[in-house]
Every structure is written in structure tokens, then in C-alpha cells.
Amino acid sequence: MTTGLLRPKNPEQASANRASRIADLVRANEHVPVLVSIAAIWAVFAAANDRFLTPGNLTNLTLQIVGVGAISVGVVFVLLLGEIDLSVGALSGFAAGLMAILNVHQGQPAWLAIVVAVVGGGLVGTLQGVVITTFRLPAFVVTLAGLLVWQGALLLLLGSSGTINLTDSIYLTLSSDFVGRPVGWAMAAAVIVVRAAVALRRRSARVDSGLAVESVKRFAGKQVAIAAAIVVAVAILSADRGIPISLVVLLVLVATGDLIVRRTRFGRYVMAVGSNIEAARRAGIRTDHIRVAVFAIAGAMAGAGGVLAASRLLAVNQGSGGSDLLLLAIAGPVIAGVSLFGARGSVWAALTGAVVIGSIANGMDLLSFSSSVKFMVTGVVLLVAVILDAISRSRTGTGNAR
């Protein structure tokens, strides 16, 4: 009979085949693990507190993560390079302080103060990158010094007042305004259509070039899943106050960063340097220039994150950029799959990682956990993510040569 030929030889073989298919799916879709993690975290906190999954709380969650998410965009670039930047938290506070001084004390327009904060952050990042590449110093040491310098610079800017309140309407827009429901749904439809069209064009180009592509069924399923996720997200936010303006800003930053990494020569150079800096140098890539540019991007994103965080609080104080901000900005992308060893990960990890970290913090706040517990839980989650990354690297035999 032919039916016997269709059955696996034994249950162990069938289980191995299923595990192999799951592993192939995860490798083909790098965002699957973090999305599963988010679903699991949300399920746990929803079971513990029925307010967690309400539209109002999820809207608050998005408002809470925009500042750290913007900083994480720059952190992803640094991690892809195989480096680390410990100054981004303090730099975000310094940039916010610079913005507040220009706008409130010097009477400059808020939009100009915001531009100066972002550009100033980029210049600081450039300076740190130049020091790292000129003197061949570890980025860890230089940016650790930067952390102390920019913390002190913030205290110097604020002076004896200690706090500067922000009252301009631009800050109120970033912190309190929302996109109307019709506009939100129109934006969602545009994103779904444009993204599907780009993905289809990319797949057609690979087919025309004779390159391997995923099956039509898997391709269509992925597009439907992404569209469904966008629709659900917009529906949840629209059920409360709508899509926050600050979230739109963060999405633009993430999408732009992703486009740079995946679709530009500079992005390919970043991945090459992060994979093997010596091979990249021998291939003619000006590695020092790439490294300086990446730290400049990290500085600019720290400035943008500082602006968004200050707008949410409508104030800049001596604690701006401090506390656990640096930990969260680095932990988020690592938890979402960006490798500490360089050349692996996506800029979208800045967003998904911020959602993971923000969800844990938000859920523990609803359950009235103490700060000590929140720090320990976040640290354990980060350690587990790093261990899994190290195990993955050792099994595949990959790593960056420096």
C-alpha cells in the first residue's frame, strides 16, 4: 500500500522535521521571535491585570516608548558596526537641555531649538567618533567618558534652577496631539499598499535575476500578516485617542533608518565593517569614515530622543537622560535580535525592542512592582537575550574579526 510510504519512518523523525520547518521559518522571518515574545508578555500581563490590553493603556504605552525608541535607532547603527555607545542617554538629556535653554531662556523659536538639539547631538557623536578612530581607542572607553561629560554639561546648562518647563505649542503637539481617525486609517492603507507593492517588485526583480525566492503562499501570507498587524494596531489606537503624533515621528525615524541600512551603499558598508573590519578595509571601504558617520547618527538620534522625551514631560530637569534610559535604549534592540557582535539585525528592532521593554515596565507598573524588581527583571531579560545571541553565533560559527 502507498499510504505507508507517506508516513514518517518514526515519531522522532516527524518531530525533527517539524522542528526543522519551524527553524527555517524563524530564520526567514527575523522578527518572529520578538513578536512571539511580545504576544507572550501581553498575555501574561493581561491575565494579571485586565487594564493592560485596554486601548487607553496601550496608547499610553506608545507614548512611553517614543523617546527611548528614537535613541535606540542610533544604537542599532552602532551595534551593527560591532561597537557600543554608552553616552546616548546622557547626550539625549544634554540635547534636551540645550533645546530648553535656547527656547525658554534665549527666546529662540521652538522649531529652531529642536533642530539645534538634533544637530548638536550629531556633532557630539561626530566628535566622539573622531576621537575613537584617530587615537584607536575603544568606543566603550570614549563613550563612557562622554556619559560623564554630557551629564555634567546638562547640570551646567540648567544651573541653579534645576528644571526648565516647556510651554511652546510644538512640544504640546509632540506630547498630546493625535492623528484623527480618518487620517490614521488613510495612513495605514497607504502603508499597507506601498509596502506590499515594494515587496512584490523586489520579489519580481529576484525572479527575473534567477535568484531564489520564497513560495507564493508564504509571500502572500507574510503580506497578509503584516497588513493585519497594522490594521489591529490602528484599530486599538483609534479606539482611544488616535495615533500619537510622536509615534508617527518615531515610525518615520525607524523607516528611514531601515531604508538606509538595507537600500544604500552606506548601509552595506556598515554591515561589512561590522562583519569584518579588516576585510572591509582591504576591499577599499574607508572604515574610519563609516565609523565616524555611525556615531554621528547615534548622536543625532540621541538628540531626537531627548526632544521627544522632554516633550512628553514638558520639562527638562537634572535627571533628563539619566536613570535607566541608557539601559533601555541598548537592551531593547538586543532583546529584539540585534547582535552585540555586529552585522546582524534590523533597525525595526529599535521599535519592537522598545515595545518589549516598555510592555514589561508598563505591566509591572500596573501590578505595582517596586523599582528594584523592575530593574532586576529587565536585567535578566537582557542577559537571556545576550546569551541566546552568543549561543546562536557559536553554532553558526559567525562573528566579526577585528
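The values are calculated or read from the model by the stated rules, or taken from the named source; none is laboratory data. Here the structure is a predicted model, which is why all the values come from computation and not from measurement. All Cβ positions, glycine included, derive from the backbone under ideal geometry; neighbour counts span all protein chains shown.
Residues being under 30 Å from residue 259 (Cα atoms), outside any helix (DSSP H, G or I), in the same structural domain as residue 309 (by TED's automatic domain parsing) and of a type in the set (A, V, I, L, M, F, W, C) are entirely absent from segment 99-108.
Taking the criterion of being crowded, with 17+ Cβ neighbours inside 10 Å and either modelled with pLDDT under 90 or among the aliphatic types (A, V, I, L, M) (or both), would at least one residue in segment 203-218 satisfy it? No, because not a single residue in segment 203-218 is crowded, with 17+ Cβ neighbours inside 10 Å and either modelled with pLDDT under 90 or among the aliphatic types (A, V, I, L, M) (or both). When the test is whether a residue is over 15 Å from residue 306 (Cα atoms) and of a type in the set (A, V, I, L, M, F, W, C), residue 63 does not pass it.
Against the definition (surrounded by fewer than 21 Cβ atoms within 10 Å (Cβ to Cβ) and of a type outside the set (A, V, I, L, M, F, W, C)), how does residue 346 come out, yes or no? No, not satisfied. Among all positions in segment 71-94, there is at least one residue which is over 20 Å from the mean Cα position of the chain (by Cα), part of a helix (DSSP H, G or I) and surrounded by 21 or more Cβ atoms within 10 Å (Cβ to Cβ). Given the structure, is residue 277 under 23 Å from residue 130 (Cα atoms), surrounded by fewer than 24 Cβ atoms within 10 Å (Cβ to Cβ) and free of Cβ contacts under 8 Å to residues at least 40 places away in the same chain? Taking the combined requirement at face value, the residue does not satisfy it.
Within segment 162-175, can one find any residue that is among the β-branched types (Val, Ile, Thr) and under 25 Å from the mean Cα position of the chain (by Cα)? Yes. Scanning segment 100-120 for residues that are buried (at least 24 other Cβ atoms within 10 Å of the Cβ), within 17 Å of residue 156 (Cα to Cα) and under 23 Å from the mean Cα position of the chain (by Cα) gives a single hit, 117. Of all residues in segment 232-258, those being surrounded by fewer than 22 Cβ atoms within 10 Å (Cβ to Cβ), under 16 Å from residue 64 (Cβ atoms) and hydroxyl-bearing (Ser, Thr, Tyr) number 0. Among the conditions (1) crowded, with 19+ Cβ neighbours inside 10 Å; (2) under 14 Å from the mean Cα position of the chain (by Cα), the only one that residue 321 does not satisfy is (2).
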